[in-house]
Amino acid sequence: MAETWQTAITSIQPNEVRVRGYDIAELMGSVSFGTAVYLILRGELPDEKTARLMDAILVSSIDHGATPPSVLAARTVASTGASLSQSVATGINSINRFHGGAIQDCAAQLARIIARAEGGNLVQAAAAELADMKSRGQRMSGFGHRVHTTDPRTARLFELAQQAGVAGEHVACARAVETAFADAGKPLPINVDGAIGAILADMGFDPEVMNGLFMIARTPGLVAHVAEEQACQKPMRKVVPGAHEYDGPPPRRS
Ligand SMILES: CC(C)(COP(=O)(O)OP(=O)(O)OC[C@H]1O[C@@H](n2cnc3c(N)ncnc32)[C@H](O)[C@@H]1OP(=O)(O)O)[C@@H](O)C(=O)NCCC(=O)NCCS
């Protein structure tokens with residue numbers, strides 16, 4: 001018999017599925033998707049407020065219109081007649097350091113600034129780190145946005161992180177970086193990646209899975225774009241960035 005190897009994620013027996021020890025049939029209908037994502041990545045169930053925050057993180061990144069590189073890439077591939085899986089995978093492949101993948105880098109850069117501050121002034125440490133990065137031609141991950149000067153998702157995520165009691169030194173440091181950019185005469189907003197990076201770091205997430213949260217969140221959006229592309233557009237069209245009009249429902253309340 002082949003040597004066995006270990007996995008601590010899900011146990012499967014005939015007629016029984018247990019995720020991290022919890023019966024999946026009991027989880028179904030009683031916990032939210034964000035809760036289940038937290039459970040599978042962290043191994044434990046979150047408390048109620050943390051679960052709400054996880055759901056908010058996933059909702060915050062579900063889609064950002066037709067201009068992000070992942071959507072343009074997915075739609076372009078979809079227009080060639082590629083399958084749903086090929087098209088969505090192309091979108092996922094476009095989630096990298098500068099798009100959706102700034103979460104892990106941002107968390108690491110914030111940790112560097114916190115270490116540099118040695119318990120002292122975070123804004124000063126942030127300013128010094130930003131100056132060093134600029135001299136090396138590097139950017140601060142999780143800051144800046146092509147469309148938003150104040151990212152509407154960021155304020156809400158920080159509010160929910162505060163309510164959940166998880167906003168700690170990384171969130172404070174993200175704020176300090178924002179202040180340092182403004183003080184230097186170059187105000188750059190914390191974008192959704194930056195907010196998620198700061199919050200996940202304060203929650204103690206493994207850096208290696210941080211960008212995965214964005215991929216999990218954005219997949220429904222990519223599926224919707226690919227399905228719309230194949231249903232409504234002609235094959236092999238030129239997908240011109242930005243040359244689109246929104247024709248969905250007008251603003252409404254949930
Ligand atoms: C998102 C991003 C690509 C948008 O860029 P943009 O609005 O098109 O801005 P540009 O690339 O034209 O840069 C404009 C100026 O701002 C600076 N800048 C923009 N984002 C910066 C950042 N995160 N850190 C430092 N400087 C930044 C650029 O160096 C440039 O400076 P200059 O005018 O002195 O040359 C950019 O802000 C960025 O690379 N951010 C970091 C990666 C990131 O967070 N990605 C996730 C996006 S949701």
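Does at least one position in the range 133-152 carry a residue that is in a helix (DSSP H, G or I) and in contact (Cβ under 8 Å) with a residue 40 or more places away in the chain? Outline the logic, then answer.
First, the residues of the range 133-152 that are in a helix (DSSP H, G or I): 133-135, 152.
Narrowing the set further to residues that are in contact (Cβ under 8 Å) with a residue 40 or more places away in the chain leaves none.
The answer is no, given that none of the residues of the range 133-152 is in a helix (DSSP H, G or I) and in contact (Cβ under 8 Å) with a residue 40 or more places away in the chain.
Tell me, please, whether a residue that is surrounded by 22 or more Cβ atoms within 10 Å (Cβ to Cβ), under 24 Å from N93 (Cα atoms) and within 14 Å of the ligand (Cβ to nearest atom) can be found in the range 220-229. There is no residue in the range 220-229 that is surrounded by 22 or more Cβ atoms within 10 Å (Cβ to Cβ), under 24 Å from N93 (Cα atoms) and within 14 Å of the ligand (Cβ to nearest atom).
Just to be sure before I move on: is F205 more than 16 Å from the ligand (Cβ to nearest atom), modelled with pLDDT of 95 or more and not β-branched (V, I, T) in the structure I sent? Yes; evaluated as a whole, the condition is true for this residue.
Do the conditions hold for A115, that is, is it in a helix (DSSP H, G or I) and surrounded by 13 or more Cβ atoms within 10 Å (Cβ to Cβ)? So A115 does not fit the description; no.
Scanning the range 1-42 for residues that are assigned to a helix (DSSP H, G or I), out of contact with any strand residue (DSSP E or B) (no Cβ under 7 Å at 6 or more places or on another chain) and farther than 21 Å from I57 by Cβ yields A25, E26. Restricting the range 72-97 to residues that are within 13 Å of the ligand (Cβ to nearest atom) and in contact (Cβ under 8 Å) with a residue 12 or more places away in the chain, the residue that is nearest to P189 (Cα to Cα) is R97. Applying the criterion of being at pLDDT 95 or above and acidic (D, E) to the residues of the range 138-188, the residue that is nearest to A117 (Cα to Cα) is E169. Taking (1) away from the ligand (no atom under 11 Å from the Cβ); (2) part of a helix (DSSP H, G or I); (3) out of contact with any Lys or Arg (no Cβ under 8 Å at 6 or more places or on another chain) in turn, Q109 satisfies each apart from (1). Filter the range 174-201 down to the residues that are within 11 Å of the ligand (Cβ to nearest atom) and among the aliphatic types (A, V, I, L, M), then identify the one that is surrounded by the fewest Cβ atoms within 10 Å (Cβ to Cβ). Restricting to residues being within 11 Å of the ligand (Cβ to nearest atom) and among the aliphatic types (A, V, I, L, M), the top hit is A184. Within the range 121-142, does at least one residue satisfy the condition of being farther than 30 Å from H225 by Cα, within 15 Å of the ligand (Cβ to nearest atom), surrounded by 23 or more Cβ atoms within 10 Å (Cβ to Cβ) and among the hydrophobic types (A, V, I, L, M, F, W, C)? Within the range 121-142, one or more residues are farther than 30 Å from H225 by Cα, within 15 Å of the ligand (Cβ to nearest atom), surrounded by 23 or more Cβ atoms within 10 Å (Cβ to Cβ) and among the hydrophobic types (A, V, I, L, M, F, W, C). Flag not set for I57, criterion: assigned to a helix (DSSP H, G or I), touching an Asp or Glu at 6+ places or on another chain (Cβ under 8 Å) and either within 15 Å of the ligand (Cβ to nearest atom) or among the acidic types (D, E) (or both).
Of all the criteria given as (1) among the β-branched types (V, I, T); (2) assigned to a loop (DSSP other than H, G, I, E, B); (3) away from the ligand (no atom under 11 Å from the Cβ), the one not satisfied by V171 is (2).
For T149, the test of being under 28 Å from D47 (Cβ atoms), within 11 Å of the ligand (Cβ to nearest atom) and of a type in the set (V, I, T) is failed.
The values are calculated or read from the model by the stated rules, or taken from the named source; none is laboratory data. This structure is a prediction, so every number in the text was calculated from the model and none was measured. Positions of Cβ are generated from backbone atoms using ideal geometry, with glycine treated the same way; all protein chains shown enter the neighbour counts.
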